[in-house]
Structures are given as C-alpha cells and as structure tokens.
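Working notes, beginning with the structure itself.
Read the figures in this text as sums done on the coordinates, not as results from a lab. This is a predicted model, so every value here is computed, not measured. No Cβ is skipped: glycine too gets one built from the backbone with ideal geometry, and neighbour counts run over all protein chains shown.
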C-alpha cells in the first residue's frame with residue numbers, strides 16, 4: 001500500500017497556505033524616478049492613489065513608502081517614486097516625500 005495519498009493529503013493544506021502567503025509578483029518598470037501629488041490616502045486601509053505629473057493616477061500601498069513605523073501620505077503632498085507593474089497594473093514603489 002502506497003503512502004503517497006496520505007502524504008499528499010497531509011501536505012496539501014500547508015502548500016496552499018504557503019502559496020497564499022507569498023507576496024504578489026511585481027516588476028519594476030525601467031526608467032527614472034517620477035514625481036506626482038497624493039490624490040488621496042486612507043491611513044486605516046493603508047493605500048491610496050498618486051496623480052503622476054504625466055496625469056495618470058496610480059495605486060500606492062503603505063509598504064511602498066520609505067520610512068519605518070507608521071507610514072502614511074497626506075492629500076496634496078508632493079512625492080517622487082519609481083513605477084512597478086503588479087498583477088493589477090502600475091503602482092508606485094519606493095515613494096518618498098519631496
């Protein structure tokens with residue numbers, strides 16, 4: 001009798017949990033740092049949008065903001081950042097206040 005079905009049944013839930021805990025894949029877009037203005041940022045939810053100087057709104061997550069501790073942005077604040085492409089399109093990365 002093979003132990004393989006028992007091993008699969010035991011290991012499968014752990015593998016699923018591991019896959020769900022991995023961060024989404026993102027790729028930095030080549031190019032210089034860009035500048036923009038914070039359109040809005042919800043500190044409780046940890047995300048918001050930046051209006052690029054080129055006009056397009058892009059997503060920003062609190063983890064992309066430089067700094068330690070509680071990282072947040074204020075509406076109207078000027079920032080510079082890199083762009084990265086995630087599963088849901090462009091988003092800001094390595095955001096810092098100007």
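Below, the figures for the structure above:
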item: Order of 80, 93, 87, 57 under a 10 Å beta carbon neighbour criterion, fewest first; result: 87, 57, 80, 93
item: Order of 71, 28 - criterion: other Cβ atoms within 10 Å of each residue's Cβ, fewest first; result: 28, 71
item: Residues 97, 54 arranged by fewest to most Cβ contacts within 10 Å; result: 54, 97
